[in-house]
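Working notes, beginning with the structure itself.
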């Protein structure tokens with residue numbers, strides 16, 4: 001990030017007489033603080049940043065944004081007292097973005113956000129200087145921190161915007177209004193907070209279209225079925241999807257024995273191939289193509305950059321473990337992404353098996369039993385053996401039990417790991433898929449999971 005004095009930061013908060021020490025980074029996690037950091041003492045459900053002020057001072061932080069309710073003092077640390085620490089963080093990020101001259105591509109949706117963001121960045125990097133929100137920094141905290149800690153001057157910014165509750169995307173759009181908005185697929189994610197299900201989720205995702213600066217929306221064909229999305233805002237809306245025969249698609253992907261061909265209306269690309277075959281990854285790629293075409297890339301430029309695409313960590317990531325093919329898709333899960341993962345698994349070698357290690361899908365509320373039962377039925381058709389983790393997986397276990405198919409339930413990751421590598425043999429395919437809270441990726445860590 002561009003260094004500024006603490007006094008300049010304080011001016012935005014109408015705070016006078018502040019230190020001229022230079023701020024070199026901003027953080028809300030005390031573990032990441034280093035010399036020159038401005039720390040935001042956020043209070044969460046389990047952790048209160050105010051309890052770590054002494055620690056961040058010892059690490060060399062130059063200041064901390066704290067609540068006015070905090071009565072203590074830290075002699076080594078300049079304190080910026082505010083009514084709302086998170087609002088102050090948003091204010092700083094908004095001010096930075098207002099001063100920049102960059103085009104912004106905002107990406108939201110229930111599935112494929114991070115992969116789509118990465119694919120857009122890869123395609124555009126062949127022609128433009130590109131910045132992007134880091135990793136999965138798409139939350140009310142991670143998003144502004146990612147923007148503040150980067151040099152994004154004169155770049156095309158690819159900004160991933162996530163949400164758990166209605167109104168959260170509106171706050172992120174206020175910080176970084178997109179010139180182009182992308183809505184990927186919709187799914188029953190965080191639906192516990194949306195009593196009206198997908199309709200409520202669609203309305204929340206549509207918040208990305210409301211800003212007058214947004215001129216173009218690139219919308220997944222399933223999301224385009226929701227009127228609340230297609231009627232939101234004044235921007236031009238175009239639709240992408242894998243359906244070859246749907247003439248309403250502005251962008252589609254045609255598959256033939258000779259290769260792939262991109263279609264933009266009646267305009268077709270040359271034949272080409274991709275480094276992956278999974279349908280949901282192809283759909284994410286298609287969204288990236290739509291953005292690249294908007295920015296003027298030719299088919300040839302897109303196809304050349306497409307050869308640089310690669311899997312993103314814990315998003316249908318392929319790992320070879322002693323001849324066992326592990327598909328690590330353990331970052332998160334909802335019914336839509338679970339279906340995509342199971343349906344796109346590679347085939348095991350002849351005489352070998354497919355093992356699905358499934359963690360419960362969280363935050364589904366009243367939709368939980370039905371969703372797990374649906375995925376259990378799909379798994380019955382696609383996998384040879386099921387290994388479950390999390391109480392909500394009970395309907396899946398019932399389905400396999402009724403069909404007299406092998407399925408096991410585990411209470412600890414350590415037991416699951418031991419059993420998996422007793423069962424799995426070279427040539428087998430193993431899927432790891434579950435909500436983030438399951439931490440299924442620990443099953444393939446070198447160290448024992450806890």
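Quick note: the coordinates plus some simple rules give every number you see, no bench work behind them. Please read these numbers as outputs of a predicted model, since none were measured by experiment. Heads up, the Cβs are rebuilt from the backbone with ideal geometry, glycines too, and the neighbour counts pull from every protein chain shown.
Compute for region 379-421: radius of gyration divided by Kirkwood radius, i.e. Rg/Rh, restricted to C-alpha atoms, rounded to two decimals. On the Cα set of region 379-421, Rg over Rh gives 0.96. Compactness of region 209-291 is given as radius of gyration and Dmax, 13.6, 44 Å, from Cα positions.
What FRET efficiency do you get for residue 199 and residue 236 if R0 is 41 Å and r is their Cβ-Cβ distance, rounded to the nearest 0.05? Don't jump to the answer; show the numbers that get you there.
Numbers: r = 24 Å, r/R0 = 0.58.
Result of the calculation: an efficiency of 0.95.
For residue 273 and residue 321, what is the calculated FRET efficiency with R₀ set at 22 Å and r taken between the beta-carbons, to the nearest 0.05? With R0 = 22 Å, the Cβ-Cβ based efficiency is 0.25. Where [x] 88, 80, 47; [y] 73, 54, 42; [z] 70, 51, 42 are the candidate values, the label of the one calculated here for Cα extents along the principal axes in Å is [y].
Placing a label point 7 Å from the Cα of residue 4 along the Cα-to-Cβ line, the residues of region 95-122 whose backbone N sits under 16 Å from it are 95-102. Angle of helix 113-124 to the longest C-alpha principal axis of the chain, folded into 0 to 90 degrees and rounded to 10: 80°. Once the Cβ-Cβ distance of residue 307 and residue 381 is raised to the sixth power relative to R0 = 25 Å, the FRET efficiency obtained is 0.15. For the chain, the longest principal axis of the C-alpha atoms and the axis of helix 413-423 are separated by about 30°.
In this simple spin-label approximation, residue 11 and residue 256 carry label points 7 Å from Cα along the Cα→Cβ vector, and these lie 6.2 nm apart. When you restrict to C-alpha pairs under 8 Å that are six or more residues apart and normalise by the size of the chain, the relative contact order lands at 11 percent. Residue ranges 81-91, 209-219 sort as 209-219, 81-91 when ordered by packing (mean number of other C-beta atoms within 10 Å per residue, highest first).
Taking every Cα-Cα distance in region 301-426 and sorting them into 5 Å bins from zero, the calculated P(r) comes out as 2, 10, 20, 22, 21, 12, 6, 4, 3, 1, 0 percent.
Fully extended, how many nm does the chain gain between residue 19 and residue 46 (0.36 nm per residue separation, minus their Cα-Cα distance)? It would help to have the intermediate numbers written out before the result.
Numbers: separation 27, 0.36 × 27 = 9.72 nm, distance 3.14 nm.
Computed gain between residue 19 and residue 46 is 6.6 nm.
Show log10 I(q)/I(0) for region 43-109 at q = 0.11, 0.29 Å⁻¹, two decimals, from a solvent-free Debye sum over equal Cα scatterers. Result of the Debye calculation: -0.38, -1.32. Annotation for residue 54 and residue 343: the two label points, set 7 Å from Cα along the Cα-Cβ direction, are 5.6 nm apart.
What's the center-to-center distance, using Cα atoms, between region 256-271 and region 73-121 in Å? A separation of 38 Å, based on Cα centres.
Each principal axis of region 4-84 carries a Cα extent, and these read 32, 25, 19 Å when sorted largest first.
By how many nm would the segment from residue 373 to residue 228 grow when fully extended, if each residue of separation counts as 0.36 nm and the alpha-carbon distance is taken off? List each step's numbers first, then the result.
Working: separation 145, 0.36 × 145 = 52.20 nm, distance 2.90 nm.
Between residue 373 and residue 228, full extension yields an extra 49.3 nm.
Spacing of the modelled spin labels on residue 98 and residue 423, each 7 Å from Cα toward Cβ, amounts to 5.6 nm. Taking 0.36 nm per residue of sequence separation and removing the Cα-Cα distance, the residue 69/residue 414 pair yields an extension gain of 119.9 nm.
Of 408, 76, the sequence from fewest to most neighbouring Cβ atoms within 10 angstrom is 76, 408.
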